[in-house]
């Protein structure tokens, strides 16, 4: 498993519990399986589709930039991913809507494959 997934899973679990939301409730409302959410939270996923992660963070209203910052903490993250994330984090506020469009494209691509 990639180190950043462990940190993201831990953050998702913490925020979900702070909001007193069950895994089953997230699964029911997002159409994801309870197992997928549990695997993310307990660091047993080897990888996750971006569309799945977006469903969870959107549902829990987790700040996307917070998750990107968590990913950057991974010392094993390759240079290309690190550079891309740094560029995203440097986006000006008026360009945030473009990220929403990017998220829609990612969701569409994940649904095609």
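The values are calculated or read from the model by the stated rules, or taken from the named source; none is laboratory data. Here the structure is a predicted model, which is why all the values come from computation and not from measurement. Virtual Cβ from ideal backbone geometry, glycine too; neighbours counted across all protein chains shown.
So the values come out like this:
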item: Residue satisfying condition, being surrounded by 13 or more Cβ atoms within 10 Å (Cβ to Cβ), touching a helix residue (DSSP H, G or I) at 6+ places or on another chain (Cβ under 6 Å), modelled with pLDDT of 85 or more and not in a helix (DSSP H, G or I), within set 38, 43; result: 43
item: Flag for residue 57 being in contact (Cβ under 8 Å) with a residue 24 or more places away in the chain, assigned to a helix (DSSP H, G or I) and under 18 Å from residue 40 (Cα atoms); result: yes
item: Members of region 66-113 that are free of Cβ contacts under 8 Å to residues at least 12 places away in the same chain and outside any helix (DSSP H, G or I); result: 78, 90, 91, 92, 113
item: Residue check for residue 12: at pLDDT below 90, in contact with a helix residue (DSSP H, G or I) (Cβ under 8 Å, 6 or more places away or on another chain), within 21 Å of residue 110 (Cβ to Cβ) and surrounded by 12 or more Cβ atoms within 10 Å (Cβ to Cβ); result: no
item: Residue within region 12-20 that is touching a residue at least 12 places away in the same chain (Cβ under 8 Å) and within 10 Å of the chain's Cα centre (by Cα) present; result: yes
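Okay, residues lined up against (1) surrounded by 10 or more Cβ atoms within 10 Å (Cβ to Cβ); (2) under 16 Å from residue 53 (Cα atoms):
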position: 72; (1), (2): yes, no
position: 75; (1), (2): no, no
position: 82; (1), (2): yes, no
position: 91; (1), (2): yes, no
position: 96; (1), (2): yes, no
position: 99; (1), (2): yes, yes
position: 103; (1), (2): yes, yes
position: 106; (1), (2): yes, yes
